[in-house]
Amino acid sequence: MVEQKPCPCQKRNSIMVVDDNVFNILTLQCMLNEAMKMESDKAMNGLQAVQKVQARDAENKKDPCICGRGGQNYKVIFMDCNMPVMDGLQATQEIKKQFPGIRIVALTAYTTEGFEKKCFAAGMDEYKTKPIYKEVLKEIVERVILKN
């Protein structure tokens, strides 16, 4: 009898939360865990997010998914827009250039229509304002991740 090795994708989180405020990250991670029993990775600025997406790609190439459910990278990134080093708009542009299939959800305190248009122009797929509620997170995760 051959022992079946678990797929490498089972050890990788499908979600990343990007925000320069640790409290916001922890809040979102707790809500995702509570609502969906899902863990997520985190980044403290846009540059870290881009680097983590690139590192995930390298990891997938080195140890690819064998079950077919893992996908190539993160399935959804919850991205703050206003951060030091590299803001969420710049990070989204960089990520989408290399990995257009990653779903990026803007999470911002800015509520103006003009800013929402900027987010979509940068390549973000959805726009949500803070505070975000558990039900909204759950709906996004179910639609983007669990549909596969």
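The values are calculated or read from the model by the stated rules, or taken from the named source; none is laboratory data. Predicted model, so just to flag it, every value in this text is computed and none were measured. Neighbour counts are summed over all protein chains in view; Cβ atoms, including those assigned to glycine, are modelled from backbone coordinates with ideal geometry.
Under 7 Å between Cβ atoms, at least 6 apart or on separate chains: pull out the pairs that start in segment 17-36 with a residue that is over 12 Å from Glu135 (Cα atoms) and end on any residue that is part of a helix (DSSP H, G or I) and among the polar types (S, T, N, Q).
Pairs that qualify, where the first residue is over 12 Å from Glu135 (Cα atoms) and the partner is part of a helix (DSSP H, G or I) and among the polar types (S, T, N, Q), are Val17/Gln29.
For segment 1-11, give me the residue count where each residue is touching a Gly at 6+ places or on another chain (Cβ under 9 Å) and either buried (at least 18 other Cβ atoms within 10 Å of the Cβ) or among the acidic types (Asp, Glu) (or both). Lay out the reasoning, then the answer.
So the first thing to find is which residues in segment 1-11 are touching a Gly at 6+ places or on another chain (Cβ under 9 Å), and the list is 7-10.
From what's left, either buried (at least 18 other Cβ atoms within 10 Å of the Cβ) or among the acidic types (Asp, Glu) (or both): 9.
Number of matching residues: 1.
Out of Leu28, Leu47, Leu32, report the one residue that is among the hydrophobic types (A, V, I, L, M, F, W, C) and over 15 Å from Val136 (Cα atoms). Reasoning before the result, please.
Numbers: Leu28 fails: over 15 Å from Val136 (Cα atoms); Leu32 fails: over 15 Å from Val136 (Cα atoms).
Leu47 is the lone residue from the list that is among the hydrophobic types (A, V, I, L, M, F, W, C) and over 15 Å from Val136 (Cα atoms).
Out of segment 37-59, which residues are farther than 19 Å from Gln93 by Cβ, among the basic types (Lys, Arg) and in contact (Cβ under 8 Å) with a residue 24 or more places away in the chain?
Passing the criteria: only Lys42.
For residues that are out of contact with any strand residue (DSSP E or B) (no Cβ under 7 Å at 6 or more places or on another chain) and assigned to a loop (DSSP other than H, G, I, E, B), scanning just segment 15-49, find the one that is surrounded by the fewest Cβ atoms within 10 Å (Cβ to Cβ).
Lys37
Scan segment 111-124 and tell me whether some residue there is out of contact with any strand residue (DSSP E or B) (no Cβ under 6 Å at 6 or more places or on another chain) and under 17 Å from Asn21 (Cα atoms). Walk me through it before giving the result.
Of all residues in segment 111-124, those out of contact with any strand residue (DSSP E or B) (no Cβ under 6 Å at 6 or more places or on another chain) come to 112-115, 117-118, 120-123.
Imposing the further condition that a residue be under 17 Å from Asn21 (Cα atoms) reduces the set to none.
The answer is no, given that none of the residues of segment 111-124 is out of contact with any strand residue (DSSP E or B) (no Cβ under 6 Å at 6 or more places or on another chain) and under 17 Å from Asn21 (Cα atoms).
Looking at Gly114, is it over 24 Å from Lys11 (Cβ atoms) and surrounded by 15 or more Cβ atoms within 10 Å (Cβ to Cβ)?
Details: over 24 Å from Lys11 (Cβ atoms): yes; surrounded by 15 or more Cβ atoms within 10 Å (Cβ to Cβ): no.
Spelling it out, it is not the case that Gly114 is over 24 Å from Lys11 (Cβ atoms) and surrounded by 15 or more Cβ atoms within 10 Å (Cβ to Cβ).
Checking the condition within 23 Å of Glu116 (Cβ to Cβ) and either in contact with a Ser or Thr (Cβ under 7 Å, 6 or more places away or on another chain) or at pLDDT below 95 (or both), which residue from Asp80, Asp63 passes?
Result: Asp80 is the single residue among Asp80, Asp63 that is within 23 Å of Glu116 (Cβ to Cβ) and either in contact with a Ser or Thr (Cβ under 7 Å, 6 or more places away or on another chain) or at pLDDT below 95 (or both).
Taking into account only those residues within segment 60-95 that are among the basic types (Lys, Arg) and over 12 Å from the mean Cα position of the chain (by Cα), which is surrounded by the most Cβ atoms within 10 Å (Cβ to Cβ)?
If we filter segment 60-95 for residues that are among the basic types (Lys, Arg), which is where we start, we get 61-62, 69, 75.
If we keep only those that are over 12 Å from the mean Cα position of the chain (by Cα) too, we end up with 61-62, 69.
On the way: Lys61: 9, Lys62: 8, Arg69: 11.
The qualifying residue surrounded by the most Cβ atoms within 10 Å (Cβ to Cβ) is Arg69.
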